[in-house]
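Novice: Here it is: the structure, laid out below.
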Amino acid sequence: MHQPTNPVANERRELTSFWAGGQEYCVDIMSVREIRGWSAATPLPQSPQYMRGVINLRGAVLPIMDLAERLDLPPTQPSERSVIIVVQVGERLVGLLVDAVSDILSINPDQIQPTPDVGCDQAKAFIRGLITIDDRMVSEIAVERLLPEVEVLAA
Amino acid sequence: MDELEEIKITFFQECDELLGDLESGLLSIDAGATDPELINAVFRAVHSIKGGAGAFGLEALVRYAHVFETLLDNVRGGKTDLRSELVKALLRAADVLADHVAAAKQGGEGDAVSTAAMVEELEAWISGGPVPTAPAEEVNIEPNEDGIVFTPIKLSIPEVDEGPKEQAWTITFQPMDELYSKANEAGLLIREIERLGKIEVELLDDALPTFDSLDPETAHFAWKVRLRTEVPEERIREVFEFVEGHCSTTIVREAPAPTATEPAAGPDIAAIIAAAQAGDAQAAANSAPSEEATAIAPEPPAASLPAAAVPALAESMSSRGAPPPAPEKGNQATIRVDPERIDKLIDLVGELVINQAMLAQRVSGHGFAASSDVGRGLDELEQLTRDIQDSVMAIRAQPVKSVFQRMPRLVREIAGQTGKQVRLVTEGEGTEVDKTVIERISEPITHMLRNAIDHGLETPEERIEAGKPAEGTVRLAALHRGGRIVIEVGDDGKGINRPRVRQLAIDRGLISADAQLTDEEVDNLIFLPGFSTAAKISDISGRGVGMDVVRKSVQGLGGRISISSKPGLGSMFTLSLPLTLAVLDGMVIDVAGQTLVVPLTAIVESLRPTPTEVKKVGAQGGVLAVRDAYVPLVDIGRVLGFQTVDTNPAEGVVLLVDSEVGGRAALVADSIHGQRQVVIKSLESNYQQVPGIAAATILGDGRVALILDVDALVAMRRRELPRADEPFIEAAE
């Protein structure tokens, strides 16, 4: 993964934070390719519920994932205010459907705490760590774990 | 990447081309071609590989290539007879050379054991076969029917060439423009010659035009170099090897002046020398690509020549007539382009196609008639867009030759391993197909060939017993048919043993014991996963990679594979693939509010059934009466999970499709929008494979539409409704 999990101490990191399912999450700003408005997606058959389908991103087919539903939260109701955050995961691009973008955070690596055992496998699996800013708590998403395991379903 | 690395990459690319030339040249010779240019081309290929390898310090490769080259040079010079066993040895040597190149590419060295064995064999050929030199008296220098004096070089040797002895040579060469444009220069060549001995250089500036008509980019000068040296003629020729085709060269040995060291030359000897010179001039004219060569060939010093010899020489030179055209390869103006740039261009043209469709849709939405100025303009744009698309696709189109070329070696190896005698016949090597397809057909072809030889062909003994020639024939052919490329791999072996295939399928629980199968269905059982008909799992085609894998990879390319077989006469695999993986002609349909594209190649016909033609079978199944047959109905929306209730076929549209797995099926859709060429977009590049979906595309309105995988869809429906008598359930997966 190109994203450094153990950046050099004292090297500040920038994160894009957003709201999904009523909670605040963030991803490393380096993995964000663009942020765009919601447009109706073409549903994919035989796919997990959280895969909302695919959209046309300047000629490429971009899969859209409902982040809230992926995290086992109630599904996002797409509206005009909904946002798609296009993130790069390895060689792939994936669009995350979220409620709204909130902030850009600049933090020290020591501000990130490991995820405690929260009793929810989904959340534990996809959250890299917790960041505390004033009295807010923002969870950092491990984007590389979001995509379903590559399996040849049609085989 | 540093510069040297880049050059090295280019070198290896060239090596691949050269190895291809080498092999195809040897194969033509093996097939009986006698063109001397062929052996020259073969020699050049090895020589160039050696030269390049030397530049990169690839010692092992150079050492091996050198032995190979020496033998080829002997063959070229007529010292070693080109017998059929020798050609076979040369082919094996070419394989070893390819291994060396491949190893060098990985930074290693070729397998020492096989190399040593091959070197030994080559050296045996080198030392084993010089043609015994005939005594001069018996020499027959009568011109043949073309008036060309034959074999003169050999004749002169025993008399004149006893060990190294200083000789005088006249070398005349006239560089052509290309020599300079390839960054060579005459000075370097002269310096090279100087290394061989003492030289006198004379500039021939007769062709120099007056100053006002001088073109500074054109070559005007020629040089005459008189060389006194002990080295043999080949060494002198080597100097010009790298400018071959870019320079007209004649190398003529001067008649030795009668000196004290030389016995007085009788007329016989003089005639022989003259003949030798005629031969030299002849050889020079052969290698020179243009007429100037003969024109500027200097008259041999007439003083020592008996008058009788002169007409023979003149005749032999004039009888050449126009020299053969320069080898085509040198003239082929090609450019190397980074494939990524072409891919980018293809993507952009894809965008253009989408945009054009989008524009057309919007214009018609605004009520412009097709006959209006705007409508006509759009028509032209569409035509133009298609033309551009075709042209761009043509850039990436490549003949299947590059894949076919690799197969003779494979066949030789498998034949060696199985102890079978195999002759490979290839046809349609020039058939062009998109690079994306080329890259992916090699593997299925390899498998099919392995299968044909390992399972299809009999052993020589079995063949003779069956009244067939001991050598089996495997035919590999490519052709265009109906907008697809068809690859056929056929053998004249024993054909599929249907009772055994059937029994195996029953034993492995793939079909029920009482299943009624047609011959064709039995043949196609070999595509079932894990099926292997060889009683003993062989090393060649039994590595757990069966025909099911081949079928799967072919289907992944949007292709189909089938087999037909005649007991005792052989089998033929037929592989049908799209010409490109970039665009597709499709039928745009609506299903449960979704727009989908069905590949046109799969559709037999579309129809609107009447309610009486639709019959229910059981609780969920249904069939459609089409003429005299009942065709199973497949509700696209329900199979894909877009809806839970079947669309009433009588209210929608039915597409009759031919699927590879289950024969004909009737796909039920809500409506048809029409036919359209669509640009194929991969779902896998950002996501993963989706069952029932082959790929995606972008429609005129900018939205993504999914392209159906008809075979998979029919298979999915079958999985949904399992039936006991269905033999292809597994195969469909």
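Novice: Here is a list: B:Lys88, B:Lys50, B:Lys79. Which entry is buried (at least 17 other Cβ atoms within 10 Å of the Cβ) and of a type in the set (Lys, Arg)?
Specialist: B:Lys50
Novice: Looking for whichever is modelled with pLDDT under 85 and among the β-branched types (Val, Ile, Thr) here; the options are A:Val86, A:Val118. Which one fits?
Specialist: Of A:Val86, A:Val118, the one residue that is modelled with pLDDT under 85 and among the β-branched types (Val, Ile, Thr) is A:Val118.
Novice: Give the range A:52-75 a look and list any residue that's at the interface with chain B (Cβ under 8 Å from one of its Cβ atoms) and among the aliphatic types (A, V, I, L, M), or say none.
Specialist: Scanning the range A:52-75 gives A:Val54, A:Ile55, A:Ala60, A:Val61, A:Leu62.
Novice: Within the range B:469-501, work out how many residues are in contact with a Leu (Cβ under 7 Å, 6 or more places away or on another chain) and of a type in the set (Lys, Arg).
Specialist: Going through the range B:469-501 one residue at a time, the tally reaches 1.
Novice: Could you check B:Asp590 against (1) in contact with a Ser or Thr (Cβ under 9 Å, 6 or more places away or on another chain); (2) open to solvent by 30 Å² or more (accessible area, probe 1.4 Å); (3) away from chain A (no Cβ under 14 Å) and say which number it fails?
Specialist: Condition not satisfied by B:Asp590: (3).
Novice: Sticking with this structure for a sec: Which residue out of B:Lys79, B:Lys88, B:Lys8 is basic (Lys, Arg) and either outside any helix (DSSP H, G or I) or more than 25 Å from the chain's Cα centre (by Cα) (or both)?
Specialist: Every option except B:Lys79 fails the conditions.
Here's the yes/no breakdown for (1) under 19 Å from B:Ala41 (Cβ atoms); (2) at pLDDT below 85; (3) in a helix (DSSP H, G or I); (4) aliphatic (A, V, I, L, M):
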residue: B:Val75; (1), (2), (3), (4): yes, yes, yes, yes
residue: B:Glu121; (1), (2), (3), (4): no, yes, yes, no
residue: B:Ala124; (1), (2), (3), (4): no, yes, yes, yes
residue: B:Pro130; (1), (2), (3), (4): no, yes, no, no
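Novice: Return yes or no: is B:Thr601 part of a helix (DSSP H, G or I) and under 30 Å from B:Arg440 (Cα atoms)?
Specialist: Taking the combined requirement at face value, the residue satisfies it.
Novice: Here's something else I'd like to know. Listed residues A:Glu140, A:Glu69; which is surrounded by 14 or more Cβ atoms within 10 Å (Cβ to Cβ) and not in a strand (DSSP E or B)?
Specialist: Going through A:Glu140, A:Glu69 in turn, just one is surrounded by 14 or more Cβ atoms within 10 Å (Cβ to Cβ) and not in a strand (DSSP E or B): A:Glu69.
Novice: Can you name every residue in the range B:230-242 that is crowded, with 20+ Cβ neighbours inside 10 Å and out of contact with any Ser or Thr (no Cβ under 8 Å at 6 or more places or on another chain)?
Specialist: B:Val239, the sole residue that qualifies.
Novice: Looking at B:Ala695, B:Ala665, B:Ala724, B:Ala715, which one is modelled with pLDDT under 85, in the same structural domain as B:Asp590 (by TED's automatic domain parsing) and within 41 Å of the chain's Cα centre (by Cα)?
Specialist: Only one candidate qualifies: B:Ala715.
Novice: Of the numbered conditions (1) polar (S, T, N, Q); (2) modelled with pLDDT of 80 or more; (3) out of contact with any helix residue (DSSP H, G or I) (no Cβ under 9 Å at 6 or more places or on another chain), B:Ser319 fails exactly one; give the number of that condition.
Specialist: (2)
Novice: Where residues in the range B:633-660 are more than 14 Å from chain A (Cβ to nearest Cβ), assigned to a loop (DSSP other than H, G, I, E, B) and not acidic (Asp, Glu), which of them is surrounded by the fewest Cβ atoms within 10 Å (Cβ to Cβ)?
Specialist: B:Val645
Novice: Scan the range A:76-131 for residues that are part of a helix (DSSP H, G or I) and either in contact (Cβ under 8 Å) with a residue 60 or more places away in the chain or within 14 Å of chain B (Cβ to nearest Cβ) (or both) and report the count.
Specialist: Residues flagged as part of a helix (DSSP H, G or I) and either in contact (Cβ under 8 Å) with a residue 60 or more places away in the chain or within 14 Å of chain B (Cβ to nearest Cβ) (or both) within the range A:76-131 amount to 2.
Novice: Take the residues of the range A:50-60 that are assigned to a strand (DSSP E or B) and over 23 Å from B:Gln643 (Cβ atoms): which is least open to solvent (accessible area, probe 1.4 Å)?
Specialist: Checked the range A:50-60; the qualifying residue least open to solvent (accessible area, probe 1.4 Å) is A:Leu57.
Novice: From the list A:Gln23, A:Gln46, which one is within 11 Å of another protein chain (Cβ to nearest Cβ), touching a residue at least 12 places away in the same chain (Cβ under 8 Å) and polar (S, T, N, Q)?
Specialist: Every option except A:Gln46 fails the conditions.
Novice: State which residue is least open to solvent (accessible area, probe 1.4 Å) when the search covers only the range B:661-700 and only residues that are of a type in the set (D, E, K, R) and away from every other protein chain (no Cβ under 14 Å).
Specialist: B:Asp670
Novice: Sticking with this one: Do you know which residues across the range A:35-49 are within 15 Å of A:Thr76 (Cα to Cα), crowded, with 19+ Cβ neighbours inside 10 Å and among the small types (Gly, Ala, Ser)?
Specialist: The answer is A:Ala41, and nothing else.
The values are calculated or read from the model by the stated rules, or taken from the named source; none is laboratory data. These figures come from a predicted structure and were not determined experimentally. All Cβ positions, even for glycine, are placed from backbone atoms using ideal geometry, and neighbour counts span all protein chains on display. Note: accessible area is taken over every heavy atom of the protein model, side chains too, but ligands, DNA and RNA are not part of it. Shrake-Rupley method; radii C 1.70, N 1.55, O 1.52, S 1.80 Å.
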